[in-house]
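Visitor: After the structure tokens below, expect a handful of questions from me.
The values are calculated or read from the model by the stated rules, or taken from the named source; none is laboratory data. From a predicted model like this one, the values you see are computed outputs, not experimental measurements. Virtual Cβ from ideal backbone geometry, glycine too; neighbours counted across all protein chains shown.
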Amino acid sequence: MFRFRIFLALSLLLNIVSLKLIAQTNTEASVKADKLVKEALVKFRESNFEKSLIISRVALNSATSAKNYSLISRSYNIIAANYNELSEVDKAIFFYKKSLYYANKTDNDSIKYNLYNNLGNMYCFEKKQFDKGISYYKKSIAYGLKINDLNQIYFTNVNIAWAYFDIGKFKEGYPYLRFVGNNTEKYGDKTTEIVVNMLNGMYASYSNEDDTANAYFLSAIHAGQDSEEQSDLSFAHLEYSKFLTRKKRYKEAYENLASYNKITEALYNQQKLEKASIAGFNLELDEYKRQIDKIENEKISQSQSLKKSRIIVILFVLISLILLVLIITLIKNIRFKKKHNLELVEAKEIAEEASLLKTQFISTISHELRTPLYGVVGITNMLLEEHKELAQSQHLSSLKFSARYLLSLVNDILQINKIEENKVILENLTFNISDEITMIKNSLSFLSQKNNNKIKVFIDPCIPEYLIGDKLRLAQILMNLVSNALKFTKDGEVEIIVNLNKVEEKFYFLEFHIKDNGVGIAVVDQNKIFEKFVQVGRKEEDYQGTGLGLSIVKRLLGLFGSKINLESNIGEGTSFSFVIPFEHDPQKTKKIIDEIEVDLTSSEVYKILIVEDNLINQLVTKKIIEKNNYVCKVVDDGFGALDIIEKEDFDLILMDINMPLMNGFETSKRIRLKGITTPIVALTAFDKDEITDESISSGINDIIVKPFEPIKLFKIISYLIKETKNVG
Ligand code: ADP
């Protein structure tokens, strides 16, 4: 059953051999491991397997930390041997193989020899796989020969012989026993004495040499009685019992069997086995721990590489995220810009629409106001013409002036927009400053009387009689400022002062001052009042106003390249001042006056067709035309016009635009379709700019905006008629 004697002998030998190795790897851990291996071996020999296993476990730890393969191998060898003794066959084989694995890492053939021998023992006597076991033995012998250690080969031969004998192959085993027999004197010792005698007894029994056999068995038992090798003795009793049984010496056979059992029992008491198995369990744990450590080491290296790849992945993810954020931001920006652009486009469209609506609204309003005002102005003129005795009437001239002023105001509302859009161009007209101011003074006399104010006028005598400039807009400025002065002054005085500030070549810089001693304007309000629709401290009952006056003044002055100055103190009064350059050119003035006279004194008699739906306007226009010695016919609408031109010839057609049924554009188009080339002048309350394009496409030659200066109309009429006739 057991072959520990042989094992022990080999292990002891191994101890001696290993000293050389330890010297080479003389580390602290190796020395410790070596010491522990020897201790474990001692305990093993004492059959103290528990202690042996514990020590060999510690030895294995030290050997492992010292990375001493030889000592690791030896530690495993002892562990395996302990399990072998404890009948833990599989564990024993496992640890022997482990031991062999580490032994193969060394060049120590003694250890390898030893382990092959032990594995041979395991397979032959424990697993009963004799072929495998014997092949291990043979490998062991090969190593023994290699190291030329016949002493060890001797022991293996004992084992091989025993193996063969166990399976009844006495012939095969006999050569090995013979080798043993030949060398017993040389290599044999007390430890092998029992087994060698027992094997000889077995072979003699097989050879039916009963006496010889009996003698050998008895020698074996005798040797065993003096020996510590109780296990070998037990086998000797067992084999002898088998021999006696065969020889029918049953009583002796039984006695020997009883001895075998007794020794076996004594050897392996239960307590030792239990403790050993606990120790074995601990050892197993350590083994697992080592495996786990190994795995963990692998894990660490794996996790390190994982960490590296993780860092790469994290970096990749981070970069991807950053890229993603950038892309999203970019897309958002593009979208925002698109949206923003869309919003801007929308806002622009809305603004343009609003501006168009505003223009249309102002245009409509001014058209509606202009039409009746045209009548007022026209009828006032007619009254003055027809009733010469009323020419001196202040009321009538005030009415005329007021109507003209009102028209200017309507135009100015239009102008505010135009000025803001830089569409206004100042006109050059000849005027007398004194006449203009007197006109203003007269037209505002009712206001001055209302507040019991006096208007004083001072005009610098150095100012020439005739100046060239936009007198209408100057009048607007002065009207606004003087009427304000009169409104905000009670029982006081309003001064209109015009000084010659300087002369630069043909330009005379006139310095205007409009002063009052009225309520005054608080400093905080002095900037605000020039904004549109701003009124300060207005009381409903006080006066009427739009809050437009000063903003018109400021803008108009801007057109003249001038700025308004304001000095005012609450309760003391207000003074507005500004400087405007006017051209003084006597020759140019004469030419302008001459031109008017030429026009007015036209000797030609032209036949004019007036197309107009408004009866008052028909009357006014007709009067103006006839006054200039022209002949005219009036029709109420476009159809009338188309009708009459079939029958009569005209030198020129004055066409109203805004007519019911068929407007002026449509009528003009139809006239042209008939092949009639008579010049057509649109006479309209619309703003000129608004209808220019459509007028041209309708075949209209020119536009005159109502109300108009008659001179202007006649200039155009005579120019167009002359041109047509020249072409004709
Ligand atoms: P409004 O048409 O209402 O008079 P303006 O633009 O002409 O509007 O004037 C704006 C405001 O400036 C007036 O409401 C008034 O408070 C103040 N103001 C203008 N001129 C005078 C003045 N000469 N004296 C006192 N306050 C004035």
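Visitor: For the range 375-392: of the residues being under 12 Å from K627 (Cβ atoms) and free of Cβ contacts under 8 Å to residues at least 60 places away in the same chain, which is nearest to the chain's Cα centre (by Cα)?
Guide: If we filter the range 375-392 for residues that are under 12 Å from K627 (Cβ atoms), which is where we start, we get 378, 381-382, 384-386.
Applying the additional criterion that residues be free of Cβ contacts under 8 Å to residues at least 60 places away in the same chain yields 384, 386.
Details: L384: 80, E386: 84 Å.
So, considering only residues that are under 12 Å from K627 (Cβ atoms) and free of Cβ contacts under 8 Å to residues at least 60 places away in the same chain, the one nearest to the chain's Cα centre (by Cα) is L384.
Visitor: Give the residue that is farthest from the chain's Cα centre (by Cα), with candidates limited to residues of the range 176-212 that are charged (D, E, K, R) and in a helix (DSSP H, G or I).
Guide: Looking at residues that are charged (D, E, K, R) and in a helix (DSSP H, G or I), I get D211.
Visitor: Only one of D656, D689 is under 60 Å from the mean Cα position of the chain (by Cα) and over 15 Å from Y606 (Cβ atoms); which?
Guide: Matching residue, one of D656, D689: D689.
Visitor: Another question, then. Identify, please: which residue in the range 501-548 is at pLDDT below 90 and in contact with a strand residue (DSSP E or B) (Cβ under 6 Å, 6 or more places away or on another chain) and is, among those, farthest from the ligand (Cβ to nearest atom)?
Guide: My answer is K506.
Visitor: Yes or no: the range 647-654 includes at least one residue that is at negative phi and in contact with a His (Cβ under 9 Å, 6 or more places away or on another chain). If you could, list the steps in order and put the result at the bottom.
Guide: Going through the range 647-654, the residues at negative phi turn out to be 647-654.
Next cut, in contact with a His (Cβ under 9 Å, 6 or more places away or on another chain) only: none.
Checked against the condition, which is being at negative phi and in contact with a His (Cβ under 9 Å, 6 or more places away or on another chain), the range 647-654 yields no hits at all.
Residue by residue, here is whether (1) more than 9 Å from the ligand (Cβ to nearest atom); (2) part of a loop (DSSP other than H, G, I, E, B); (3) free of Cβ contacts under 8 Å to residues at least 60 places away in the same chain; (4) under 25 Å from F507 (Cα atoms) holds:
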position: V553; (1), (2), (3), (4): no, no, no, yes
position: L556; (1), (2), (3), (4): yes, no, no, yes
position: G561; (1), (2), (3), (4): yes, yes, yes, yes
position: S568; (1), (2), (3), (4): no, no, yes, no
position: G571; (1), (2), (3), (4): yes, yes, yes, no
position: V579; (1), (2), (3), (4): yes, no, no, yes
position: F582; (1), (2), (3), (4): yes, no, no, yes
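Visitor: Would you mention how many residues in the range 177-216 are of a type in the set (D, E), surrounded by 20 or more Cβ atoms within 10 Å (Cβ to Cβ) and over 14 Å from Y154 (Cα atoms)?
Guide: 0
Visitor: Can you tell me which residue is surrounded by the fewest Cβ atoms within 10 Å (Cβ to Cβ) among those in the range 684-727 that are of a type in the set (A, V, I, L, M, F, W, C) and in contact with a Lys or Arg (Cβ under 6 Å, 6 or more places away or on another chain)?
Guide: Only one residue tops the list, namely V705.
Visitor: Ok, one more. Is there a residue in the range 125-141 that is closer than 24 Å to S70 by Cβ and touching a residue at least 40 places away in the same chain (Cβ under 8 Å)?
Guide: No: zero hits.
Visitor: Quick one: count up the residues across the range 101-122 that are in a helix (DSSP H, G or I) and charged (D, E, K, R).
Guide: Residues flagged as in a helix (DSSP H, G or I) and charged (D, E, K, R) within the range 101-122 amount to 2.
Visitor: Checking the structure you have, find out if any residue of the range 467-475 is within 12 Å of the ligand (Cβ to nearest atom), of a type outside the set (D, E) and crowded, with 22+ Cβ neighbours inside 10 Å.
Guide: Taking the range 467-475 first, the residues within 12 Å of the ligand (Cβ to nearest atom) are none.
No, the range 467-475 contains no residue that is within 12 Å of the ligand (Cβ to nearest atom), of a type outside the set (D, E) and crowded, with 22+ Cβ neighbours inside 10 Å.
Visitor: Of the residues L642, L654, which is in a strand (DSSP E or B) and surrounded by 18 or more Cβ atoms within 10 Å (Cβ to Cβ)?
Guide: On the way: L642 fails: in a strand (DSSP E or B).
Result of the check over L642, L654: L654.
Visitor: Next up: Taking the options S56, S62, name whichever one is among the small types (G, A, S), modelled with pLDDT under 85 and not in a loop (DSSP other than H, G, I, E, B).
Guide: Criteria check complete, one pass: S62.
Visitor: In the range 457-479, what count of residues is obtained for those that are assigned to a helix (DSSP H, G or I) and more than 19 Å from G561 (Cβ to Cβ)? Spell out the reasoning first.
Guide: Initially, the range 457-479 is screened for residues assigned to a helix (DSSP H, G or I), giving 471-479.
With more than 19 Å from G561 (Cβ to Cβ) added as a condition, the list becomes 479.
Of the residues in the range 457-479, 1 are assigned to a helix (DSSP H, G or I) and more than 19 Å from G561 (Cβ to Cβ).
Visitor: Quick one: count up the residues across the range 49-87 that are charged (D, E, K, R) and either within 13 Å of V31 (Cα to Cα) or touching a Gly at 6+ places or on another chain (Cβ under 7 Å) (or both).
Guide: Count: 1.
Visitor: I'd like to check something: does the range 629-636 contain any residue that is farther than 27 Å from L356 by Cβ, touching a residue at least 60 places away in the same chain (Cβ under 8 Å) and assigned to a loop (DSSP other than H, G, I, E, B)?
Guide: First, pick out the residues of the range 629-636 that are farther than 27 Å from L356 by Cβ: 629-636.
Now narrow it down to the ones that are touching a residue at least 60 places away in the same chain (Cβ under 8 Å): 630.
Cutting the leftovers down to assigned to a loop (DSSP other than H, G, I, E, B) gives us 630.
The answer is yes, given that some residue of the range 629-636 is farther than 27 Å from L356 by Cβ, touching a residue at least 60 places away in the same chain (Cβ under 8 Å) and assigned to a loop (DSSP other than H, G, I, E, B).
Visitor: Can you tell me which residues in the range 677-687 are at pLDDT 90 or above and of a type in the set (A, V, I, L, M)?
Guide: I680, V681, A682
Visitor: Tell me whether the range 109-119 contains one or more residues that are surrounded by fewer than 24 Cβ atoms within 10 Å (Cβ to Cβ) and polar (S, T, N, Q).
Guide: yes
Visitor: Only residues in the range 480-505 that are under 12 Å from G573 (Cβ atoms) and in a strand (DSSP E or B) count as the first member; pair them with residues that are more than 12 Å from the ligand (Cβ to nearest atom) and of a type in the set (A, V, I, L, M), Cβ under 9 angstrom, at least 6 apart or cross-chain, and list the lot.
Guide: Pairs found: E493/I455; V494/L444; V494/I455; E495/I455; E495/V457.
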